[in-house]
There are 6 protein chains.
Amino acid sequence: MPNKVEEFNAYRSKMNEKILADNNKIIKRIFNLDTNAFMEGALDVKTKELLGLVASAVLRCDDCVSYHLESVKDAGASKEEVMETLGIATLIGGTIVIPHLRRAYEYWEALEETDS
Amino acid sequence: MPNKVEEFNAYRSKMNEKILADNNKIIKRIFNLDTNAFMEGALDVKTKELLGLVASAVLRCDDCVSYHLESVKDAGASKEEVMETLGIATLIGGTIVIPHLRRAYEYWEALEETDS
Amino acid sequence: MPNKVEEFNAYRSKMNEKILADNNKIIKRIFNLDTNAFMEGALDVKTKELLGLVASAVLRCDDCVSYHLESVKDAGASKEEVMETLGIATLIGGTIVIPHLRRAYEYWEALEETDS
Amino acid sequence: MPNKVEEFNAYRSKMNEKILADNNKIIKRIFNLDTNAFMEGALDVKTKELLGLVASAVLRCDDCVSYHLESVKDAGASKEEVMETLGIATLIGGTIVIPHLRRAYEYWEALEETDS
Amino acid sequence: MPNKVEEFNAYRSKMNEKILADNNKIIKRIFNLDTNAFMEGALDVKTKELLGLVASAVLRCDDCVSYHLESVKDAGASKEEVMETLGIATLIGGTIVIPHLRRAYEYWEALEETDS
Amino acid sequence: MPNKVEEFNAYRSKMNEKILADNNKIIKRIFNLDTNAFMEGALDVKTKELLGLVASAVLRCDDCVSYHLESVKDAGASKEEVMETLGIATLIGGTIVIPHLRRAYEYWEALEETDS
């Protein structure tokens, strides 16, 4: 497994665990909602994860983009679908999204290497 | 046709026309891209419009939300799909999205009245 | 009661009711969390509402500012405390906060008239 | 004088006066800095006001855009220079800037009518 | 002293010194205001620093969060008060605040180690 | 050449090349527009690049700031002009711009070393 994906997930898990162990009720419930919001409903999981990806990209949150890239991939999205989603993000959010697009592209490559 | 939808579209068309008549090349090309980005590709039109809606909502742009609500409806999205999309926007973007959610809901009602 | 406060609260209640009647689980839970987060805990209610006010101001959400101005007032904050909070918001968030500061000041005046 | 420009300036002056009368030291100093920052220095006034305009536009602050459009015009900027500035804002800030571009265009027209 | 806190403060001091030595009047005054705004007034220092913390968190500025975490701690805030503040930030600012919450938690731990 | 400038440009070129090779039409056109928008028009190149710099700074995009610092320097801007631009950014965008100001200052120093 490439370092980028591994490192991100390890740090994310370690810190999430610490934060949740702290028992702040508001934070725990938000984490919980985050899991529920992306389950199948009227929209399927892949569509919801693409919604999460485009929202993360226009808000320029690299870690959120990395997280949703992985879920989007697990939900079966193709690279072309991901690029169309990121293209819409760049158009709506403007060229300030481009640095995040570069890092998203790099992370997607790391995810693809992980599978092979 | 209810006033809200009619007024928004009339103002939008009038000003877009003036802006485009001004012949600023960058602005004209961005308007043009905006049309192309939401055409069918690897993703279908409805999914792309939902992406546009969620991005507009987390960026808290009321006019962009109104515009994508109309396109999303034209592309065949149900109210339940729209609400799931706005739910994800509120979770990712936080409670500051709620005032925009209220206006989005109101605009959706106006769009529904327009059809009937 | 002055129009500004009355109108805002009437619209807010009407739309919240409609949205909650729609039974989107994610949105309902976020509304619910919003109530819980500002209850007394390690921090008292007034401090929490001031936190809500400053966050709303730097994120430039007029409706959120109006809402928290009312709660902050109900929790016993003085005008001087509110102005110090908005001063910090303007320093951290920059001069783009100033138009929201003007509207916040106007809303605070409307709230004061409501009491008298 | 057309209503749009007149109304905006009247409201702005009235509220600024009230806020400054309140004697919050931080807010007063920020208002003061705002005047100083746009005075001639290494850069001339027109360039500085164009910087203020593009920053206001990408941050999507309509009142700030209106204010800087007036100052930019007073500093001698042509409509073409203003449109190039707003074109850069729309490219960098994305299509969510477009609704603000429409209102900016409308305000510029109101300013032009004021002069004639 | 742990590296994270030490490094951040060293870099911050070094660069602030260089920037201030440059004698740009606007920047110097903003730095000066930043010191004054968090002094005791109608609100006490701890409350003001918590306001600074929540504003920094919703604006997703890691360095600002680190800085205010240190001041908040110096002003006597408990971990529980800090977590309630960050919980409000995550609710208002949405799940895109979570990556910053992780880094804030990590920095708080580094601050606690520094004291022991 | 100092590492900071070299590294940034190498990463930027490598990733841009990969992204453009991917043939997403929307993204390719946005990249293309980005080149055109900063060419001489009614405004000269230096002014346009300063507009790009201030927009990047208030939107708090470090990579965009680095990129425009280099172009601004190539277009003949002096350090004093750059500092006035960044001062305006800090005033309009608030103290949350300060961490980006520190990194901008550091990058400018790296650019100056590159020339000597």
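In percent, what relative contact order does region A:32-96 have, based on Cα pairs under 8 Å that are 6 or more apart in sequence?
Working: 46 pairs, mean separation 22.1, N = 65.
Across region A:32-96, relative contact order equals 34 percent.
Which shape class, rounded, prolate or oblate, goes with region F:4-115 when its Cα gyration tensor gives a ≥ b ≥ c as root eigenvalues, a/c under 1.5 marks rounded, and past that a/b bigger than b/c marks prolate?
Values: a/c = 1.60, a/b = 1.41, b/c = 1.13.
Prolate.
For chain C, modelled as a GNM with alpha-carbon contacts under 10 angstrom, which of C:Ala77, C:Ala57, C:Ala42 fluctuates the most?
Result: C:Ala42 has the largest fluctuation of those listed.
Might you report the magnitude of the Cβ-based charge dipole of chain D about its Cα centre, with Lys and Arg at +1 and Asp and Glu at -1, to the nearest 20 debye?
600
Quick check for you: with a 1.4 Å probe and neighbouring chains kept, what is the accessible area per residue of the protein assembly as shown, in Å²?
On the way: 26830 Å² over 696 residues.
Roughly 39 Å² per residue, with all protein chains present.
If you add up the charges near F:Arg12, with Lys and Arg at +1 and Asp and Glu at -1, over every other residue whose beta carbon is less than 14 angstrom from its beta carbon, what do you get?
-3
Would you mind calculating the relative contact order of chain C from Cα pairs under 8 angstrom and at least 6 residues apart, reporting the percent as a whole number?
31
In degrees from 0 to 90, rounded to the nearest 10, what is the angle of the helix E:25-37 Cα long axis to the longest principal axis of chain E?
Orientation of helix E:25-37: about 40 degrees from the principal axis.
Does any residue of region B:43-63 lose at least 20 Å² of accessible area with all protein chains in place compared with its chain alone, and if so which ones (probe 1.4 Å)?
Going by heavy-atom accessible area, the residues of region B:43-63 that drop by at least 20 Å² are B:Leu43, B:Thr47, B:Lys48, B:Leu50, B:Leu51, B:Val54, B:Ala55, B:Val58, B:Leu59, B:Arg60, B:Cys61, B:Asp63.
Give me the net charge for the shell around E:Ile98: Cβ to Cβ below 11 angstrom, other residues only, Lys and Arg +1, Asp and Glu -1. Working shown, then result.
Values: positive: A:Arg12, E:Arg60, E:Arg102, E:Arg103; negative: A:Asp34, A:Asp63.
Summing Lys and Arg as +1 and Asp and Glu as -1 gives +2.
Can you work out the Karplus-derived ³J(HN,Hα) for every residue in region A:42-50? Use 6.51 cos²θ - 1.76 cosθ + 1.60 with θ = phi - 60°, whole Hz, and x for glycine or proline.
Values, residue by residue: 5, 9, 7, 4, 4, 4, 4, 5, 5 Hz.
Of the accessible area of region E:14-116, with the probe set at 1.4 angstrom, what percent is carbon plus sulfur?
On region E:14-116, the fraction of accessible area on carbon and sulfur atoms equals 44 percent.
Specify the inter-centroid distance of region A:12-35 and region B:45-104, based on alpha-carbon positions, in whole Å.
27
Would you mind checking the tilt of helix B:98-115 against the longest principal axis of the Cα atoms of chain B, expressed as 0 to 90 degrees and rounded to 10?
Tilt of helix B:98-115: around 80 degrees.
Using helices alone, what [θ] at 222 nm do you get for chain D, with -39,500 (n - 2.57) per DSSP H run of 4 or more residues, divided over all residues and rounded to the nearest 500?
Estimated from H runs of four or more residues: -26000 deg cm²/dmol.
Could you work out how far apart the two model spin labels at B:Thr35 and D:Arg103 are, taking each label as a point 7 Å from the Cα in the direction of the beta carbon, and quote it in nm?
2.7
For chain C, set up a Gaussian network in which alpha carbons nearer than 10 Å are linked by springs, and say which option among C:Leu101, C:Leu59, C:Leu69 fluctuates the most.
Maximum among the listed residues: C:Leu59.
Would you report the distance distribution of C-alpha pairs in the protein assembly as shown as whole percents per 10 angstrom bin, up to the bin with the largest distance?
Once binned at 10 Å, the Cα pair distances of the protein assembly as shown give 3, 15, 27, 30, 20, 6, 0, 0.
Taking chain F as the reference, fit the longest principal axis to its C-alpha atoms, fit the long axis of helix F:3-21 to the helix C-alpha atoms, and give the angle between the two in degrees, 0 to 90, nearest 10.
So the inclination is approximately 30 degrees.
For region B:10-66, just say rounded, prolate or oblate: build the C-alpha gyration tensor, square-root its eigenvalues into a ≥ b ≥ c, call rounded for a/c under 1.5, and beyond that prolate if a/b exceeds b/c, oblate if not.
Oblate is the answer for region B:10-66, as a/c is 1.5 or above yet b/c matches or exceeds a/b.
The values are calculated or read from the model by the stated rules, or taken from the named source; none is laboratory data. Treat the numbers as computed from the prediction; the structure is a model and nothing was measured. As a convention, Cβ positions derive from the backbone with ideal geometry for all residues, glycine included, and neighbour counts pool all protein chains shown. Please note that ligands, DNA and RNA were not included when accessible areas were found on the heavy atoms of the full protein model with its side chains. Shrake-Rupley method; radii C 1.70, N 1.55, O 1.52, S 1.80 Å.
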